[in-house]
Each structure stands twice: as structure tokens, then as C-alpha cells.
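Peer 1: I am attaching a structure below and will ask some questions about it afterwards.
Where a number appears in this text, it was derived from the coordinates with a stated rule and is not lab data. Since the model is a prediction, treat every value here as computed from it, not as a measurement. Here the Cβ positions follow ideal geometry from the backbone for every residue, glycine too, while neighbour counts run over all protein chains shown.
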Amino acid sequence: MTAIAVPPSVDHEQAFLAMLADFEAHDPANAGFYGAARADFAAYVRELLDEEAGVNLRENRVPCTHRWLLVPSGEIVGATRLRHRIDTPFLAANGSHIGYDVAPSHRGKGYGHAALRVALDEAASRGMSRLVLFAAEDNVASRAVIERQGGQLASITFSEFYQERLCAYWIDRKRP
């Protein structure tokens, strides 16, 4: 379960597209988040790096740091997103400071915990000490990951956008 966090790079195109194929085959609902990578990988990477720098942001986007979880075999097994702020109406109600996904074939191996730790460490390095994360009420695995990393359940509300109940968790981290 050893994985390192790497920034998006065209050097990892084949590994990333393999992760995308895993999502398409086994979790198509979440594959759409990464679909633009298949059309033009270099442009996709450039957009992710621009988001981190806070430049050329698309409408309703905020600065966001993306990291990919790379294992020794060269596979990318997951991805994290750290939104530097969540000050849009959509993100305030439905989004999180942190989002992470683990490729379906690699779930249940501890990579969710690794992904969240990566994002929390990045948040701390940016001076972000209080973070909100949302998880679907019925997503027991994700809720367990958040709780294990110190998440405190704040509320459960119905999301009109997702048409399901979302649990909001706060995680407080000390700054380095």
C-alpha cells in the first residue's frame, strides 16, 4: 500500500489513462471527472496545473491542487483535489475543500486513507487549518476514512444537486 503523491504530468499519461479505463469499466458515474484526459491529455494536465496556480480558471472554478497517487509498479491508483477555498455557492453547499478518488480495482487497500493524508498535508503546507469535507450518507467507506483522519460530523443535509443526503465533516489541523 505504498504510494507517493505526484503532481499531474504528461509523463504519467499511460498510467492515468489506465486508471480512467478502470473507472469507465467499474465506476462510470465517477469516470466523467477524468474524461477530458482521454481527448487531449496534455491540455488536461495543463488545465490541472493552471488550476493549482489559480490562472485561466473556468467559470465557477477555484484554485485547486491536484495530486495523483503513484505506486511502485508505476500505476496511478487514485487522485486528490485540494480546493484552496470553497467560496462559490455550489461548493459551499455540495463541495469540499478536499476530494479524492481511488480507482475501483484498488479500493479496500488503504489508498483512500493515503489520498486524504496527502490532501491534508498539502492543506497544512498552505496554512489551511479548518477544512470541510462532504460524503454521501450511504458511502460508509468514505465516511470511515474521513472519521479516521479526525473528521467530526457537523451535519447531514439533502443535496438538490446530487439528489442524496450528504454528511458534512470538519477537520481541524494544526499548521506546521
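Peer 1: Springs between alpha-carbon atoms under 10 Å, Gaussian network over the chain: tell me which of 73, 125, 155 tops the mean-square fluctuations.
Peer 2: Among 73, 125, 155, the largest GNM mean-square fluctuation belongs to 73.
Peer 1: Another one. Count neighbours as other Cβ atoms within 10 Å of each site's Cβ, and list the chymotrypsin sites (Phe, Trp or Tyr not before Pro) in region 141-176 that are DSSP loop with at most 14 such neighbours.
Peer 2: Counting only loop positions with at most 14 other Cβ atoms within 10 Å, the chymotrypsin sites (Phe, Trp or Tyr not before Pro) in region 141-176 are 161, 162.
Peer 1: For the chain, with the dipole built from +1 on Lys and Arg beta-carbon atoms and -1 on Asp and Glu ones, taken about the Cα centre, which of 54, 118, 41 lies farthest toward the positive end?
Peer 2: The one lying farthest along the dipole's positive direction is 118.
Peer 1: Under a Cβ-only charge scheme (Lys and Arg +1, Asp and Glu -1), can you give me the dipole magnitude of region 4-128 about the Cα centre, in debye to the nearest 20?
Peer 2: 360
Peer 1: Still on this structure, I have one more. If you project the alpha carbons of region 38-176 onto their three principal axes, what span does each projection cover, largest first, in Å?
Peer 2: Principal extents (Cα only, largest first): 39, 36, 36 Å.
Peer 1: For helix 111-125, report the angle its Cα long axis makes with the longest principal axis of the Cα atoms of the chain; keep it between 0 and 90° and round to the nearest 10°.
Peer 2: 70
Peer 1: Taking the Cα centre as origin and putting +1 on Lys and Arg beta-carbons and -1 on Asp and Glu beta-carbons, what dipole magnitude results for region 89-176, to the nearest 20 debye?
Peer 2: So the dipole magnitude of region 89-176 works out to roughly 420 debye.
Peer 1: Which order do the peptides 30-41, 143-154 come out in when sorted by mean C-beta neighbours inside 10 angstrom, highest first?
Peer 2: 143-154, 30-41
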